[in-house]
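A.B. asks: One structure is given below, represented as structure tokens, and several questions about it will come after.
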Amino acid sequence: LRTETMQAALDNQKDWNRAYIFDGSAKVLAKFGQISEQDLQVFTTAFNDKDTTFGNGLNVGGANYEVHRFYEEEGLIYGRTHSVDPQEGEGICLARVKQASSGQIVYAVITYRFPILSAKAVPDLQAFLSQHVASQ
């Protein structure tokens, strides 16, 4: 993987307020914002059990994000923090993709705030991963 190119592309991303690209051992390949290694470790097992992930949600820095969608085949899990006002909540998307050349699984997690919604953030993350991970 060309981590310098991936990092430069992340640095130019203005719609996400946190983004981490990491491998199955939670080794960070590119990032901006703050997400703990402990949170990343948990993300590497989120696809293992749909019921557990729906029940527990996803957590970043102690904030809980309710999981609304879990697509194992597509490698996508996403949701939002609970908020009465949708403009106050924060969205999250966890994705996994296989690198073409090595077969290695790579994960990505992003968070995003209103006015960015999952309808934009999820396809944008998929396109980012297709360009910078899956095709490499």
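The values are calculated or read from the model by the stated rules, or taken from the named source; none is laboratory data. Since the model is a prediction, treat every value here as computed from it, not as a measurement. Positions of Cβ are backbone-derived with ideal geometry, glycine not excepted, and every protein chain shown enters the neighbour counts. Surface accessibility is based on the protein's heavy atoms, side chains included, excluding ligands, DNA and RNA. Shrake-Rupley method; radii C 1.70, N 1.55, O 1.52, S 1.80 Å.
A.B. asks: Which order, highest average first, do 81-91, 24-34 follow once you tally other Cβ atoms within 10 Å for each residue and take the mean per peptide?
C.D. replies: Working: 81-91: 12.9, 24-34: 14.5.
Result, highest mean first: 24-34, 81-91.
A.B. asks: Would you mind working out the accessible area per residue for the chain, using a 1.4 Å probe, and quoting it in Å²? If you can, show how the numbers build up before the last one.
C.D. replies: Working: 7110 Å² over 136 residues.
On a per-residue basis, the chain sits at 52 Å².
A.B. asks: Relative contact order for the range 1-133: what is it in percent, counting Cα pairs under 8 Å that are at least 6 residues apart?
C.D. replies: Working: 229 pairs, mean separation 30.9, N = 133.
Relative contact order here is 23 percent.
A.B. asks: Same structure again: Classify the range 1-124 from the C-alpha gyration tensor, please: rounded if a/c falls under 1.5, else prolate or oblate depending on whether a/b exceeds b/c. Each step should come with its number before you reach the end.
C.D. replies: Details: a/c = 1.66, a/b = 1.22, b/c = 1.36.
Taking the square roots of the gyration eigenvalues as a ≥ b ≥ c, the range 1-124 is oblate.
A.B. asks: Could you check how much of the accessible area of the chain is carbon and sulfur, as a whole percent, using a 1.4 Å probe? Numbers along the way, then the final one.
C.D. replies: Details: 3320 of 7110 Å².
It is 47 percent, rounded to a whole number.
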